[in-house]
Amino acid sequence: MNFIEELKWRDLFKDVTHEEKLTERLKSPISLYCGFDPTADSLHIGHLQQLILLKRYQNQGHHPIALLGGGTGMIGDPRPTTERQLLDDAALNHNVESIGKQITSILESDNNPVQTVNNYEWLKDITVLDFLRDYGKFFSVSNMIAKDTVASRLETGISFTEFSYTILQAIDFNHLYKAYNVELQIGGSDQWGNLVSGTDLIRKLHGSDTDVFGVTSPLITKSDGSKFGKSEGENIWLNAEYTSPYEFYQFFINTSDADIINFLKRLSLKSPDEIKEIESVFLEAPHERHAQKELAKELTLLVHNQEGLDLALKLTDAFFSGNVKDLTANQIQVLFKDADAYNLSEDKNIVDLLVEAKFAPSKREARQLVSSKAIRINGDVVDDLDFVISRENAIEGTLTLIRRGRRNYHVVNHN
């Protein structure tokens, strides 16, 4: 199968401005771009599909450009519901710099590196009169309000600021076409209207026979209808300070059986034959989560490098084996951040602590747990009823990890 046929197999090909011409054009290297809004100082896994799509083109010998919306970010792509909260210049600049580093890391290449550009560099010099005279005259208001992103807001209200976003994005495509010979823009299916605005503007400015293209991919959705990219309502960030490599890895490990093959096709850089082999092994023994493990390893390596993957695997093994002796206090905090916690200001007998911290319902049951060797302190079995939890025997003098039974963990923080 050719490249576009493979994208279709992966369910990464939805709308296209001219498929036949694009198929022919992709037989030789092409420059393409995808835009990223700097609404935060980290991308999240909802951005992975487009990032990895850029990498797919990159691996085919095409030249990827990541456009950072330092200019359009001052306005914001219209949301289906309400106006975006505008960011100040300092926050925008910080966000642009931060996500630029993430993109460069993920799209690293020895001989075909990604270029990152900031549209503030050319949008800042356009005056209001330039905007209206040189660009605004090419856009029909009736066409603009028919676009999904705008139409969905007509009843609730949309400002002229956000209404003009599609014109600015078209200006971006035109600038990249002139300055970098960019002929293709890619994006999610929700960006189709903006992509068409760009191709239309270029043809109006440079001639109707100018061949430029826009391609969208379907947004990732889960089989149960819930939104991809969140865990318990929180974003899974690509920044390790916000979402640790272990949490990132576990998100994909916990992907449902109903979704994992779809996610593999869309997000894995493995070949179709390799994915089919993974699927075959997975279907023979779904409980072993072979497909989930393969995708989790691949994406953690891509986003967090070998060091991040090694840490994720180390913490995963520690959680299931209970062997925490080689972990740092910080790693234990990451691994057991959702465990019951208790702040301890003074040394305390193990039985008294279990009851006081409500890790055991009564002293009788606490004593029984200890005596029956059901309690581990920092990985070691403790069956001494007189054992004292203290800062002296705490990990790095800051915390004590109590394991009760096989899977119940509690963290004691020493104040």
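The values are calculated or read from the model by the stated rules, or taken from the named source; none is laboratory data. All values derive from a computational prediction rather than experimental measurement. Don't worry about glycine lacking a Cβ; one is built from the backbone with ideal geometry, like all the others, and counts go over all protein chains shown. What goes into the accessible areas is simple: the full protein's heavy atoms, side chains included, and nothing from ligands, DNA or RNA. Shrake-Rupley method; radii C 1.70, N 1.55, O 1.52, S 1.80 Å.
Of the numbered criteria (1) part of a loop (DSSP other than H, G, I, E, B); (2) at pLDDT 95 or above; (3) not β-branched (Val, Ile, Thr), the one GLN102 fails is (1). Of all the residues in segment 323-335, those that are assigned to a loop (DSSP other than H, G, I, E, B) and open to solvent by less than 10 Å² (accessible area, probe 1.4 Å) number 1. Take the conditions (1) open to solvent by 80 Å² or more (accessible area, probe 1.4 Å); (2) within 30 Å of PHE252 (Cα to Cα); GLU346 misses just one of them, which is (2). Of all residues in segment 265-305, exactly one satisfies the criterion of being among the aliphatic types (A, V, I, L, M), surrounded by fewer than 19 Cβ atoms within 10 Å (Cβ to Cβ) and in contact (Cβ under 8 Å) with a residue 60 or more places away in the chain, namely LEU269.
Can you find a residue that is in contact (Cβ under 8 Å) with a residue 40 or more places away in the chain, not in a helix (DSSP H, G or I) and not hydroxyl-bearing (Ser, Thr, Tyr) anywhere in segment 306-319? No.
Condition check: free of Cβ contacts under 8 Å to residues at least 60 places away in the same chain, over 24 Å from the mean Cα position of the chain (by Cα) and under 25 Å from LEU87 (Cα atoms). Does LEU168 satisfy that? No: the conditions fail for LEU168.
Which residue pairs have Cβ atoms closer than 7 Å, lie 6 or more positions apart in sequence or on different chains, and pair a first residue in segment 13-25 that is hydroxyl-bearing (Ser, Thr, Tyr) with a second residue that is surrounded by fewer than 16 Cβ atoms within 10 Å (Cβ to Cβ) and assigned to a helix (DSSP H, G or I)? Listed pairs, sorted by first residue: none to list. Scanning segment 278-287 for residues that are closer than 24 Å to GLN49 by Cα and within 26 Å of the chain's Cα centre (by Cα) gives ILE278, GLU279, PHE282.
Quick grid of which residues meet (1) charged (D, E, K, R); (2) over 20 Å from TYR246 (Cα atoms); (3) in contact with a His (Cβ under 8 Å, 6 or more places away or on another chain); (4) outside any loop (DSSP other than H, G, I, E, B):
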site	(1), (2), (3), (4)
TYR342	no, yes, yes, yes
VAL351	no, yes, no, yes
ARG367	yes, yes, no, yes
VAL370	no, yes, no, yes
LEU385	no, yes, no, no
ARG391	yes, yes, yes, no
ILE402	no, yes, yes, yes
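With respect to (1) surrounded by 18 or more Cβ atoms within 10 Å (Cβ to Cβ); (2) closer than 18 Å to SER217 by Cβ, the lone exception for ASN174 is condition (2).
Every residue, every condition in (1) in contact (Cβ under 8 Å) with a residue 12 or more places away in the chain; (2) open to solvent by 70 Å² or more (accessible area, probe 1.4 Å); (3) touching an Asp or Glu at 6+ places or on another chain (Cβ under 7 Å); (4) under 26 Å from HIS304 (Cα atoms), yes or no:
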| position | (1), (2), (3), (4) |
| --- | --- |
| HIS206 | yes, yes, no, no |
| PHE213 | yes, no, yes, no |
| LEU219 | yes, yes, yes, yes |
| ALA240 | yes, no, no, yes |
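Looking only at residues of segment 185-204 that are of a type in the set (A, V, I, L, M) and under 21 Å from ASP37 (Cβ atoms), we find that the one that is most open to solvent (accessible area, probe 1.4 Å) is VAL196.
Here GLU234 fits the description: out of contact with any Cys (no Cβ under 6 Å at 6 or more places or on another chain) and at pLDDT below 95.
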